[in-house]
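Contents: one structure, followed by commentary.
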Amino acid sequence: ITGDMKYLEMSHWFDHQQFLSPLSRQIDSLAGLHANTQITKVEGVENRHLLTNNEKDKITSHFFWETVIENHTYCIGGNGDGEHFGPKGILSSRLSDRTAETCNTYNMLKLTKMLLLETGDTKYSDYYEKALYNHILASQNPDDGMCTYYTPLISGGKKGYLSPFQSFCCCSGSGMENHVKYGDFIYSEGSDSSLWVNLFIPSQLNWTDRKMIVTQDTDIPSSDKTVLTVKTEKPQSVIFRLRYPEWAESMRIKVNGSSVSFEASNNSYVSIEREWKDNDKIEITFKIKFYTVSMPDNVLRLCFFSAPVLLAGELGAEEPDMEKDIPVLVTNN
């Protein structure tokens, strides 16, 4: 704000070098560390990089994100067991009723948003979507709105929800905030005033600078389609950048009923530049993949996905009989 370097110098007083120095040298030394404490430190480092373009800060924040996602993240997008990071790439033996503290994902999403806005790389959108659907959305009790602290991933595990008056932890505070932030990442504005459509969630964008309203109607993942309707006071040229997600085998786009050709593949954004008129419609249809993802340290332990959504066995409301009621799927390999 001021351009006074004393504030930048002061920011370095808070650098926790024992934690940040290995990351700046691209060394994963996270094992045993309290997970959520570290994520917020890296948010600060990335924010400083965005303000100063400091290369060391960039290496630190980018490497931290990469190593957390590749070596410490479960299929729901959460990380940590008993609030702590474990040994690099060891997850199969770290499944318990204390996996994936919700606050960790709350902060990973903040960091991920910063990295997407910096780079435009769809890997950040893919992670954000997966964690939003499978950890954040899944962390709230639909009956009374209370949230989870952990998300148990061990077979036969059972979610426990915080209570209104008998329990309180950090995941209560961020947990309440999580569920008013679903609109936080659906759209973003590019440096060239383009409109990035990152997520496929029913929503309405009031783009005041453009005097344009964009409404998105979709039921993904229950359906394979999303429709964007443009309302504008006068015709205007805008580049729409539409995410082509990794979970789509193919993607078809129509504008006002006419097919649009493009050369992009999944894990990218498709750019459509034209003069948009009032009530123009973009219809996007995906061929949704059903696929499996293995644990990094045990290729035989799999999870099943349809689009961005992790699938689970439905056990009902009663306490399951561990001998009989846990669904088991065993294949030849």
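The values are calculated or read from the model by the stated rules, or taken from the named source; none is laboratory data. Computed from a prediction, not measured in an experiment: that's the story for all the values here. Cβ: placed from backbone, ideal geometry, glycine included. Neighbour counts: every protein chain shown. The accessibility values were calculated without ligands, DNA or RNA, using every heavy atom of the protein model including side chains. Shrake-Rupley method; radii C 1.70, N 1.55, O 1.52, S 1.80 Å.
Observations
- A residue that is assigned to a loop (DSSP other than H, G, I, E, B), modelled with pLDDT of 95 or more, among the β-branched types (Val, Ile, Thr) and touching a Leu at 6+ places or on another chain (Cβ under 6 Å) can be found somewhere in segment 176-197.
- Number of positions in segment 87-126 that are open to solvent by 20 Å² or more (accessible area, probe 1.4 Å), within 21 Å of Leu310 (Cβ to Cβ) and part of a helix (DSSP H, G or I): 2
- Pair list, Cβ under 6 Å, 6 or more apart: segment 213-236 residue within 12 Å of Pro202 (Cβ to Cβ), other residue of a type in the set (Gly, Ala, Ser) and not in a strand (DSSP E or B): none
- Filtered by the rule that a residue be open to solvent by less than 40 Å² (accessible area, probe 1.4 Å), of a type outside the set (Val, Ile, Thr) and closer than 11 Å to Thr99 by Cα, segment 150-174 gives Tyr150, Pro152, Gly157.
- Taking segment 136-159 as the range and being part of a loop (DSSP other than H, G, I, E, B), of a type outside the set (A, V, I, L, M, F, W, C) and in contact (Cβ under 8 Å) with a residue 24 or more places away in the chain as the test, the residues that pass are Gly145, Tyr149, Tyr150, Thr151, Pro152, Ser155, Gly156, Gly157, Lys158.
- Breaking point among (1) at pLDDT 95 or above; (2) farther than 19 Å from Lys41 by Cα; (3) surrounded by fewer than 21 Cβ atoms within 10 Å (Cβ to Cβ), for Asn141: (1)
- Scanning segment 198-210 for residues that are outside any strand (DSSP E or B) and over 24 Å from Ser258 (Cβ atoms) returns Asn198, Leu199, Ile201, Pro202, Thr208, Asp209.
- From Thr67, Thr40, Thr60, residue being part of a helix (DSSP H, G or I) and surrounded by fewer than 16 Cβ atoms within 10 Å (Cβ to Cβ): Thr40
- The residue list Lys6, Lys58 contains one member that is under 19 Å from Tyr124 (Cβ atoms), at pLDDT 95 or above and of a type in the set (Lys, Arg), which is Lys58.
- Pairs where the first residue, in segment 256-276, is of a type in the set (Val, Ile, Thr) and the second is open to solvent by less than 80 Å² (accessible area, probe 1.4 Å), C-beta under 6 Å, 6+ apart: Val260/Ile253; Val270/Leu242; Val270/Tyr244; Val270/Phe262; Val270/Ala264; Ile272/Phe240
- Verdict on Cys147 being open to solvent by less than 30 Å² (accessible area, probe 1.4 Å), of a type in the set (A, V, I, L, M, F, W, C) and in contact with a Gly (Cβ under 7 Å, 6 or more places away or on another chain): yes
- Which listed residue, of Lys287, Lys281, is charged (D, E, K, R), surrounded by fewer than 17 Cβ atoms within 10 Å (Cβ to Cβ) and touching an Asp or Glu at 6+ places or on another chain (Cβ under 8 Å): Lys287
- Condition met for Lys56 (out of contact with any Gly (no Cβ under 8 Å at 6 or more places or on another chain) and touching a residue at least 60 places away in the same chain (Cβ under 8 Å)): no
- Filter result (basic (Lys, Arg) and assigned to a helix (DSSP H, G or I)) within segment 1-37: Lys6
- Lone unmet requirement of (1) out of contact with any Leu (no Cβ under 7 Å at 6 or more places or on another chain); (2) farther than 23 Å from Val197 by Cβ; (3) among the aliphatic types (A, V, I, L, M) for Ile76: (1)
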